[in-house]
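**Q** One structure coming up, written as structure tokens, with questions to follow.
The values are calculated or read from the model by the stated rules, or taken from the named source; none is laboratory data. The structure presented is a predicted model; accordingly, all values stated were derived computationally and were not measured. For neighbour counting, all protein chains shown are included, and Cβ atoms are generated from backbone atoms with ideal geometry for every residue, glycine included. For the accessible areas, the whole protein counts, side chains as well, though only heavy atoms, and no ligand, DNA or RNA atoms are used. Shrake-Rupley method; radii C 1.70, N 1.55, O 1.52, S 1.80 Å.
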Amino acid sequence: MTTTPHVRPATPADAPAIARIHITSREVTMPYLPPRKRSDDEVRWWVENIVLKECRVWLAERDGHVLGFAALEDEELLDQLYLLPEARRQGIGTLLLDEVRRHSPDGLSLHVFRQNTDARAFYERHGFTVTETNDGSANMENLPQLTYRWTPSSQA
């Protein structure tokens, strides 16, 4: 029996699942990315020692299976939001985004690759607007990015 997805805080024990989602999502949904520079073990290390220690991280689960995660840095930067490819377009990304927004009372910013049209459409549907563009010189992939911002309507 399939239950409704729910969100919970991540723990260090979730690092392997988070790394798997990060790797799989990027490989399947972003074919334009350059070849990965980090091994699976390096990605797991990064999740365990950087993401989980420097960000507040939440998981979306259904029936005990992790479907996606979101990482919030400094209460205002959505640093990561990734789903397993088969979990997309089921409201799970919205569930995670809503959780992050609850913890970002002054608004939220994020970066998206210009080529990631699905993510751009998702964030725009949720009220985010572009505030900045760059040429990609500041990211590891060297791909142009857009910075988006969402501000709660009570502050607009």
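**Q** For the chain, which whole-number percentage of the solvent-accessible area (1.4 Å probe, protein heavy atoms only) is attributable to carbon and sulfur atoms?
**A** That share works out to 49 percent.
**Q** Now, a different point. Across the stretch 42-89, how large is the tail of the calculated P(r) beyond 12 Å, expressed as a percent of all Cα pairs?
**A** Value for the stretch 42-89 (Cα pairs over 12 Å): 65 percent.
**Q** Quick one: which residues, 5 or more positions from GLY136 or on another chain, have an amide H under 5 Å from its amide H? H modelled 1.01 Å from N in the peptide plane, none for Pro or chain starts.
**A** Amide H to amide H, under 5 Å and 5 or more residues apart or across chains, GLY136 pairs with GLN145.
**Q** Of THR129, THR4, THR147, which has the most accessible area with a 1.4 Å probe, and how do the rest follow in descending order?
**A** Correct descending sequence by accessible area is THR4, THR129, THR147.
**Q** Amide H of SER104 versus every other amide H placed in the peptide plane: which residues, excluding those fewer than 5 positions away on the same chain, fall under 5 Å?
**A** So SER104 has HN proximity to no qualifying residue.
**Q** Further, regarding this structure: Suppose all protein chains stay in the model; what accessible area per residue would a 1.4 Å probe give for the chain, in Å²?
**A** I get 55 Å² per residue for this part.
**Q** Per DSSP H run of at least 4 residues, take -39500 (n - 2.57); add these up for the chain, divide by its residues and hand me the 222 nm value, nearest 500 deg cm²/dmol.
**A** Helix-only estimate at 222 nm: -8000 deg cm²/dmol.
**Q** Which is the longest stretch in the chain that no exposed loop site breaks, taking sites as trypsin sites (Lys or Arg not before Pro) with a DSSP loop state and at most 14 other Cβ atoms within 10 Å?
**A** Within the chain, the longest run free of exposed trypsin sites (Lys or Arg not before Pro) spans 90-156.
**Q** May I have the extent of the alpha carbons of the stretch 1-48 along their three principal axes, as whole Å values ordered from largest to smallest?
**A** Result, largest extent first: 37, 23, 15 Å.
**Q** Can you give the direction-averaged projected area of the convex hull of the alpha-carbon atoms in the stretch 1-119, in nm²?
**A** 7.4 nm²
**Q** Please give the Cα centre distance for the stretch 79-95 versus the stretch 119-149, rounded to the nearest Å.
**A** After rounding, the separation between the Cα centres reads 17 Å.
**Q** Report the calculated FRET efficiency for THR133 and GLU86 (r = Cβ-Cβ distance, R0 = 35 Å), to the nearest 0.05.
**A** It comes to 0.65.
**Q** Under the classification rounded if a/c is under 1.5, otherwise prolate if a/b is larger than b/c and oblate if not, where does the stretch 76-156 fall, given a ≥ b ≥ c as square roots of the Cα gyration tensor eigenvalues?
**A** Oblate shape, in that a/c is at least 1.5 and b/c is the bigger or equal ratio.
**Q** Suppose every K and R has +1 on its Cβ and every D and E has -1 on its Cβ; what is the size of the dipole of the stretch 51-109 about the Cα centre, in Debye to the nearest 20?
**A** The dipole magnitude comes to about 280 debye.
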